[in-house]
1. Note down the nm distance, to one decimal, between modelled labels 7 Å out along Cα→Cβ at Asn92 and at Ala153.
2. Could you give the radius of gyration (one decimal) and Dmax (whole number) of the Cα atoms in segment 47-144, in Å?
3. Consider all pairwise Cα distances in segment 1-45 and report the whole-number % of them above 15 Å.
4. Find the accessible area per residue for the chain; the probe is 1.4 Å, ligands and nucleic acids are left out, and the unit is Å².
5. Can you work out the FRET efficiency for the pair Asp66 and Phe102, with r the C-beta to C-beta distance and R0 = 35 Å, to the nearest 0.05?
6. With all protein chains present, how much of the accessible area of the chain (probe radius 1.4 Å) comes from carbon and sulfur, to the nearest whole percent?
7. Stokes-Einstein at 37 °C, 0.692 mPa s, Kirkwood radius from Cα pairs: D for segment 1-91 in µm² s⁻¹?
8. Hey, can you rank 153-166, 123-136, 177-190 by average C-beta count inside 10 Å, highest first?
Amino acid sequence: MTITITAFERSPDGGKGLARDTRVRWALEEVGQAYEVRLVSFRAMKEPAHLGLHPFGQIPTYEEGDLVLFETGAIVFHIAERHAGLLPDDANARARAITWMFAALNTVEPPILDLATARVLEGDKPWTRERLPLVEGRIRNRLGQLSARLGNAGWLDAAFSAGDLMMVSVLLRLKPSGILGEFSKLAAYVARGEARPAYQRAFAAQLAINAGKPSAG
Ligand code: GTB
């Protein structure tokens, strides 16, 4: 059955791979599933046709036959459950990998998103100068805890899993800030994720769409 995902017609990052379709592409590449991409503009995302797929008018969405999904956590979990390669066979190891997916989305990503909001959407507010150190402090706290847990291991729980895919995807958003570089173990962990051939293919595919296009702002 054909898998179709949606992505920005023009990603605001100009192809740095930070928009969330990249993590879905990565998951599909890891399990060897071909997919098609439908590009949507910011305007089209808020129109009825797309809202029928995604109630919040965002990307990415995932269509496979009659199934329509939104939310990257649900999409990556669906891919990982249906195809071998992203979740271990052992039941407990599988549960731990899923736990790391939730940890990435619910515990590590929120402060990172706060930083993007503070810098991009609230950058001109008079209180942003005072707020930024607080937001950055919360990120450093989380990264310190995550780094302590990862230690010198290659991945969060033995073999690479959907938990690592999600955690690396979340941490990648921090790279431009320089904060990731303060945590050498995590920076190396992210680099290991980026070095995976499946990630490279996913990154190249989104770059091919966005390279040379002016940013959507
Ligand atoms: N929780 C949802 C999920 O995980 O699927 C969040 C989906 C989401 O935030 N989608 C964003 C979107 O559609 C694109 S990824 N935004 C348009 C809108 O809400 O109107 C977020 C994103 C956007 C741009 C960059 N960038 O340029 O660096 C990075 C990440």
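The values are calculated or read from the model by the stated rules, or taken from the named source; none is laboratory data. In this text, all values refer to a predicted model and were calculated from it rather than measured experimentally. FYI the Cβ positions are ideal-geometry reconstructions off the backbone, even for glycines, and counts take in every protein chain you see. Areas reflect the complete protein model, heavy atoms only, side chains present, ligands, DNA and RNA absent. Shrake-Rupley method; radii C 1.70, N 1.55, O 1.52, S 1.80 Å.
1. Output for this residue pair reads 1.3 nm.
2. That works out to 17.8, 52 Å for Rg and Dmax.
3. 44 percent
4. Per-residue value: 50 Å².
5. After rounding, the FRET efficiency stands at 0.85.
6. 54 percent
7. Rounded, D is 242 µm²/s.
8. Highest mean packing first, the order is 153-166, 177-190, 123-136.
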